[in-house]
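Take a look at the structure below.
The values are calculated or read from the model by the stated rules, or taken from the named source; none is laboratory data. On a predicted model such as this, the values are computed, not experimentally measured, just so you know. A quick note on method: Cβ atoms are made from the backbone with ideal geometry, for glycine too, and the neighbour counts reach across all protein chains shown. Side chains are part of the model used for accessible areas, which takes the heavy atoms of the whole protein and leaves out ligands, DNA and RNA. Shrake-Rupley method; radii C 1.70, N 1.55, O 1.52, S 1.80 Å.
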Amino acid sequence: MQNYRIVIVDDEVANLESLERILKSDGAEVTVCQSAEEGLRCLQKGSVDVLMTDLRMRSMNGIELLEAAKKCDSSVEVILLTAFGTVELAVEAMRKGAYDFITKPMQRVQVLRTVHRALEKRKLVTENQSLRDELNQHMGTEGREVLGKSEAMKELMGVVNQAARSRANVLIHGESGTGKGLIAEYIHRVSGPGNGLFVKINCAAIPENLLEAELFGYEQGAFTGANRRKKGRVELADKGTLFLDEIGIAPLSFQTKLLRFLQEGEFERLGSNETLRVQTRVISATNSDLSASIRSGVFREDLYYRLNVVNIRVPPLRERKEDVPLLAQKFIEESAKKNQREIPLIHSEAIQCLLGYGWPGNIRELQNLMERVVVLNRTGVVDSADLPKDIGGTGGPQTVTIPLGVSLRQVEHILMDETLRVTHGDKKQAAKMLGVHPRTIHRYLESAEPEAESTPAVDPGPVETDAF
């Protein structure tokens, strides 16, 4: 096991000495204390990974030390040592933040297994807190933020910020799901005070016969169903930004009218002869190759040059893999809030799977996946097993193969061990998954023989007394 720092607090010297030998042989840097006050002073001096404390001591008891330790360092994992008959009290302590408790007499394998799982939990929490801190540094107070620390995003945002300081028309192109609309919103938002409204029109979502009316507006009686005058998107975007999404599939008839507006800055509502003028910056977006569309005759070349004053290419997610963990954390938090769920931790193994995937659906695919794992998660941890098979996971709930001829007791052990493995030792979540009371899990672990446990292999080192 990698070197770690652990403080052991117990007023029985024999227990301290036995635990110290076991944990030092595991590579730990061990500090032993015979009182809770001494243990608390050790915590206050520097970083400690795990605090192991007896529950019943003369002055300050284990629960009081637990509460004081969490105030001193909320990230320290606390393991309680308890004699038979005080399990209910220990369970209450776990509700107050203890990671686990071990019932005396203690087995070497049980001690190391519990400490290793506590260290894994601490590592997981620390990694996720680091992601949250980084995310908070990037998040603004208003609007949707453009997240990214990769070189590709730094280069992109350099061009974007230059474009935002002008009133030039901008053409954004990139694959579907890369965040072109988000870039358009950002350009509008940082353009400066008094920059009017951000008005969006999706050229793919509006029928061809209504597109012109939506863009330029109409007078009452201009066509069947026009019961009143309506301002168009162009008029609403006066002194602001008009965002033309999916411009690559706009019909040619619409392109002609749009070109006149871009050239002269004027238009007429349908059913009116009055010419109106506005001052509007136009941002367009497309996932199609407009050069190819021009060659095939479905997109006007003169319109292309009017739209493409500043050209911005948004890179696909596969070209900015360094941003995947940050984006995943953002979408997990948003999905948890949206679906009224607890924010799960994301395991480093799951992060590695996400980094190794090609993301053909780009950011939108990642966002949808994170919402799925949040909604379906039952353990409080997003593991590689929660991911679809093509991303490196198992594609759904864990399955366990149990051969015929196995006794019901052995089946119970297999299910208990596998569930604890999936929940990273979280007994509360394991009990929830199995539909049993948490005490059932604790009784199983107390009664399990070390050689029957399916925990990660641990070098036993020098032979210790079986129990102490």
**Item:** On Cα atoms only, tilt of 13-25 relative to the major axis of the chain in degrees
**Value:** 50 degrees
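Can you give the FRET efficiency for LEU210 and ALA292, using 1/(1 + (r/R0)^6), R0 = 30 Å, r = Cβ-Cβ distance, to the nearest 0.05?
Details: r = 27 Å, r/R0 = 0.91.
The pair LEU210/ALA292 has a calculated efficiency of 0.65.
How would you rank 291-302, 65-76, 176-187, highest first, on the average number of other Cβ atoms within 10 Å across their residues?
176-187, 65-76, 291-302
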**Request:** Let me know the shape class of region 219-346, please: from the alpha-carbon gyration tensor, a ≥ b ≥ c as square roots of the eigenvalues, rounded when a/c is under 1.5, otherwise prolate if a/b is greater than b/c, or oblate.
**Result:** oblate
**Asked** How long is the gain from LYS389 to ARG318 if the chain were fully straight, where each residue apart is worth 0.36 nm and the alpha carbon distance is subtracted?
**Response** 23.7 nm
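At a 10 angstrom cut-off on C-beta neighbours, averaged per residue, how do the peptides 48-60, 318-330 rank from highest to lowest? Intermediate results must be reported in sequence, preceding the final value.
On the way: 48-60: 20.7, 318-330: 18.9.
Per-residue mean Cβ counts within 10 Å order the peptides as 48-60, 318-330.
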**Item:** Prolate/oblate/rounded label for region 1-67 (Cα gyration tensor, a/c 1.5)
**Value:** oblate
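By how many nm would the segment from ARG95 to GLU266 lengthen if fully extended, with 0.36 nm per residue of separation less the alpha-carbon distance?
Values: separation 171, 0.36 × 171 = 61.56 nm, distance 6.73 nm.
Full extension from ARG95 to GLU266 adds 54.8 nm.
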**Fill in**
Only helices counted: for the chain, with every DSSP H run of 4 or more residues adding -39500 (n - 2.57) and the sum spread over all residues, [θ] at 222 nm is -13500 deg cm²/dmol
**Fill in**
Classified through the alpha carbon gyration tensor (a ≥ b ≥ c as square roots of its eigenvalues; rounded if a/c is under 1.5, else prolate when a/b is larger than b/c, else oblate), region 165-221 comes out oblate
**Request:** Round to the nearest 10 and give me the degree value, 0 to 90, for the angle of helix 36-45's Cα axis relative to the longest principal axis of the chain.
**Result:** 40 degrees
**Correct choice for percent of Cα pairs over 45 Å apart that was computed from the model, options (i) 35; (ii) 5; (iii) 15** = (i)
**Request:** On a 0 to 90° scale, report how tilted helix 324-338 is relative to the longest principal axis of the chain, with both axes built from alpha carbons and the result rounded to the nearest 10.
**Result:** 90 degrees
**Prompt:** Using Cα pairs under 8 angstrom and six or more residues apart, how large is the relative contact order of the chain, in percent?
**Reply:** 14 percent
**Item:** Per residue accessible area in Å² of region 180-258, where ligands, DNA and RNA are left out and the probe is 1.4 Å
**Value:** 47 Å²
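Evaluate E = 1/(1 + (r/R0)^6) for SER130 and ARG5, where r is the Cβ-Cβ distance and R0 equals 25 Å; express this FRET efficiency to the nearest 0.05. Can you show the working numbers first?
On the way: r = 19 Å, r/R0 = 0.76.
Once rounded, the FRET efficiency stands at 0.85.
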